[in-house]
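Shown next, in structure tokens, is the structure this report addresses.
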Amino acid sequence: MNKKIIALRRELHKYPEVSNGEYQTTNRIVNFINEYKPDEVIRLGDKGVLFVFQGAEQGKTVMFRCELDALPIQEISGLEYASVNKGISHVCGHDGHMAIVVGLAQKISNDRPVKGKVILLFQPAEEVEQGACDVLENVNFKNNEPDYLFALHNIPGIKKHKIVLKKGSFASGSKGMIVKLTGKTSHAAEPQDGVSPAGAISQIISKLHRLRADKSLFSDFILLTIIHIQLGEISFGTSPGYAEMRITLRAFENEDLRLLTSLCEKIVKEIAELEGLACEINYTEVFPATMNSNGCVDIVEQAAKQNGLDVEHIKTPYKWSEDFGYYTEKFNACYFGLGSGNEQPQLHNPDFDFPDDIMETGINLFYTIYKSTVSHD
């Protein structure tokens, strides 16, 4: 295994930065890849970056994407290269994903395209969904849009080096729904003089749970999870006049997510009106479902076979969400899994550490994909 890439991965692990704060991470990547003389280094704002290896003749553009950001989680691994940034850690494996794409840059620098070009995308803020949206809106990205786009994610609980594929929906779409209900406070001894949201909250919970249980309305898996409720203040003399609910909506298919959103809004607004409450609904952390194109899945599968790798076609999409779904809405793309071991701690666990021995598998697979999509003749 390439010791230089392992050292980089561990350095990235030691100095993690959260979403939208990946300044030093980006600088480390730029300084490292500059050694391999990309034809262009294109900044996407002050964090994201594209590295372009350009062929002499026109042809297809293939892009490989990885993520720059870490999580606001305190690491407890005890590793000598554990995070030195308090409360921040690479416990999702983005340090390994970055190292794989850097390793790809190494290989491409010795085998540059003749026709077309390859672009390496290092994207900020994946964990908060904003990153992909910002990239897609950036004029420098719009001038370098791909014909094919690929990305991977390590998958704990899957045998090391196994490739996990699925045509169509690979990972769920999701969104955070924020409901604000405003009535009028009153003395707790005279609740009839106010307009309390308490009854509305109770009715909304009941109707949302019934909606979640009615699978006949949807084509595939849906889920809504009530994650937070705030009702009034801790004041025993006051009947509440304000409440907030936060609900996570999730679905394997984008059309089901749209329908689920519409039905939830209908329930909330009707109950709020009946209870005499003002109602405001907003959304945050919106992730479309990650929808793989069949042709790109076939490209990955063929590359995996050329590398002698086991391939598993999963029948059910993953319930977690990924902002790569914004790319799959626009481009021929494939997002796939790389098994990181049956004994590997789960993603976002505080003792997670990306296994170095699967990086070479990711590098070689991406390199084979590159060779099959960009001309070397």
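Before moving on, here are some points about what is shown:
- Restricted to the range 337-369, and to residues there that are surrounded by 23 or more Cβ atoms within 10 Å (Cβ to Cβ) and in contact with a Phe, Trp or Tyr (Cβ under 8 Å, 6 or more places away or on another chain), the residue that is farthest from Cys92 (Cα to Cα) is Ile369.
- One residue from Ala278, Ala304 being under 30 Å from Val164 (Cβ atoms) and among the small types (Gly, Ala, Ser): Ala304
- Residue in the range 201-208 that is charged (D, E, K, R), at pLDDT 95 or above and within 17 Å of the chain's Cα centre (by Cα) present: no
- Residue count for the range 317-336 under the criterion of being open to solvent by 10 Å² or more (accessible area, probe 1.4 Å), within 14 Å of the chain's Cα centre (by Cα) and within 13 Å of Met63 (Cα to Cα): the result is 1.
- Some residue of the range 293-316 being open to solvent by less than 30 Å² (accessible area, probe 1.4 Å), in contact with a Gly (Cβ under 6 Å, 6 or more places away or on another chain) and either within 23 Å of His153 (Cα to Cα) or among the basic types (Lys, Arg) (or both): no
- Being aromatic (Phe, Trp, Tyr) and in contact with a Gly (Cβ under 8 Å, 6 or more places away or on another chain) is a description that does not apply to Phe150.
- Scanning the range 76-119 for residues that are small (Gly, Ala, Ser) and farther than 18 Å from Arg65 by Cα turns up Ser77, Gly78, Ala82, Ser83, Gly87, Ser89.
- Here Gln123 passes the criteria (1) touching a Leu at 6+ places or on another chain (Cβ under 8 Å); (2) surrounded by fewer than 19 Cβ atoms within 10 Å (Cβ to Cβ) except the one numbered (2).
- Looking across Arg65, Arg9, one residue alone is touching a residue at least 40 places away in the same chain (Cβ under 8 Å), of a type in the set (D, E, K, R) and closer than 16 Å to Asp356 by Cα. It is Arg9.
- None of Val139, Val195, Val128 is of a type in the set (A, V, I, L, M), at pLDDT 95 or above and under 30 Å from Trp320 (Cα atoms) except Val139.
- When Val139 is tested against (1) aliphatic (A, V, I, L, M); (2) under 11 Å from the mean Cα position of the chain (by Cα); (3) open to solvent by 40 Å² or more (accessible area, probe 1.4 Å), just one condition goes unmet, and that condition is (2).
The values are calculated or read from the model by the stated rules, or taken from the named source; none is laboratory data. These numbers were taken from a predicted model, which means no experiment stands behind them. Virtual Cβ from ideal backbone geometry, glycine too; neighbours counted across all protein chains shown. The area values use the complete protein model at the heavy-atom level, side chains included, leaving out ligands, DNA and RNA. Shrake-Rupley method; radii C 1.70, N 1.55, O 1.52, S 1.80 Å.
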